[in-house]
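Pasting in a structure now, in structure tokens, and then I'll have a few things to ask.
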Amino acid sequence: MLGKKTIKGRIGFTIAILLLVSFSLLPFAQILSTSLKHQYDWGNPSLIPQSINLDAYKELLGLTEAEKVEIPAAIQKILNNPKLSAEKKQAIAAKYTANDNLFPFGKYMLNSVIFSVGAASFSLVFSVMGAYSISRLRFKGQVVIQRSVLFVYMVGGVLLMVPLYQMAMNVGLASSLWGSAFCLFLIYIVQTLPVGMYMLGNYFRGIPFALEEAAMMDGCSRKEAIIKVVLPLSLPMLATVFIYCFIIGWNEYLFASVFLKQYPEFHTLPLALQELFVSKNAIWDRIMAASMLTLAPIVICFLLASRFMKGGKTDGGVKE
């Protein structure tokens, strides 16, 4: 019979799926394994550490106590010289007491959260308004806008980087910290807005307009019908669009490396991890632990949003 699977076919299909999943998860397993190994265990090809090492995670999360650095006796004699000014004494002492080996992971994560969550929120709001107008309203140029909404994705980010930076320099935004951050914020919105409008537009067309008409007959305005009827029924797609926009902003490196390169205090996690990898403090367990912690918010976001990933909420809503 057509479509009937034999036992051999099912076993082969299961093995193929397991091999594909194992191949996809192997890099993440290697990252997790290395982040939990001690230095003497880094050369061990086994994914199971000989002993669990959580020092890198504790250091990145700020759970370890700062070590007190003592100034050498010879340097202390120099500092006791009354002829030295207070500024010079502070500069000399800072060279011996500064903790240059610490990686401010929390600060970089906060920067990534601000950029990615903020851009995803604005992009979602604009996507809802644009997608609803394209799918429900009738106006001149609607077809052209609808078909060209994804045109921005025909040009790669590498080609757009130079003209966008030149435009930001010409208007004076890229010459300041807040101007560069504002430009990067706008770029993230522009990058994700077309796909968000496309996804939501198709989803809104699947919601019967009769439900909105019924709400308006009960006294709701068009805006109230959107808020009380359309948006609650669109929670699966709203969550999907938000996650998509969030991931784009969270993992973006190219534009962040251009606009935020000269502002280390505003570096995002992808940019900070690259700086950590080429710095003198590039320790494998610290790098891998930072990579796992960078991945964690994306996984948590998917798990929290999975309860919204349901369809069929409009089934039986109207009789057709």
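Given contacts defined as C-alpha pairs under 8 Å and at least six residues apart, what's the relative contact order of the stretch 122-269, whole-number percent?
About 34 percent, as a whole number.
At Val158 and Leu186, where each label point lies 7 Å from the Cα along Cα→Cβ, what is the point-to-point distance in nanometres?
Each label point lies 7 Å from its Cα, and together they span 2.6 nm.
Starting from the coordinates of the alpha-carbon atoms of the stretch 214-300, obtain the Kirkwood hydrodynamic radius over all distinct pairs and give the value in Å to one decimal.
On the way: mean 1/r = 0.0614 Å⁻¹.
Taking every pair of different Cα atoms in the stretch 214-300, averaging 1/r and inverting gives 16.3 Å.
Within 15 Å, Cβ to Cβ, of Cys183, how many net charges do the neighbouring residues add up to if Lys/Arg are +1 and Asp/Glu are -1?
Net local charge, Cys183 excluded: 0.
Where Lys and Arg each count +1 and Asp and Glu each count -1, what net charge lies around Asn53 among other residues with Cβ under 9 Å from its Cβ?
Values: positive: Lys37; negative: Asp41, Asp55, Asp285.
Combined, the nearby Lys, Arg, Asp and Glu give -2.
Moving to a separate point now. Specify whether the C-alpha gyration tensor of the stretch 93-239 places it in the rounded, prolate or oblate class, a ≥ b ≥ c being the square roots of the eigenvalues: rounded for a/c under 1.5, otherwise prolate if a/b is larger than b/c and oblate if not. Write out the running numbers ahead of the final one.
Numbers: a/c = 3.21, a/b = 1.89, b/c = 1.69.
Taking the square roots of the gyration eigenvalues as a ≥ b ≥ c, the stretch 93-239 is prolate.
If you keep only loop residues by DSSP, which trypsin sites (Lys or Arg not before Pro) in the stretch 134-198 have at most 16 other Cβ atoms within 10 Å of their Cβ?
Details: sites: Arg136, Arg138, Lys140, Arg147; in loops: Arg138, Lys140.
Taking the stretch 134-198 and a limit of 16 other Cβ atoms within 10 Å, the loop trypsin sites (Lys or Arg not before Pro) found are Arg138, Lys140.
Computed FRET efficiency, Cβ-Cβ of Ile300 and Asn81, R0 41 Å: what is it to the nearest 0.05? Could the numbers behind the result be given before it?
Numbers: r = 54 Å, r/R0 = 1.33.
Given R0 = 41 Å and the Cβ-Cβ separation, E is 0.15.
Coordinate-derived values only; no laboratory data. Note that the coordinates shown come from a computational prediction; the quantities given were computed from them, not determined experimentally. Ideal geometry is used to build each Cβ from the backbone, glycine not excepted, and the neighbour counts take in all protein chains shown.
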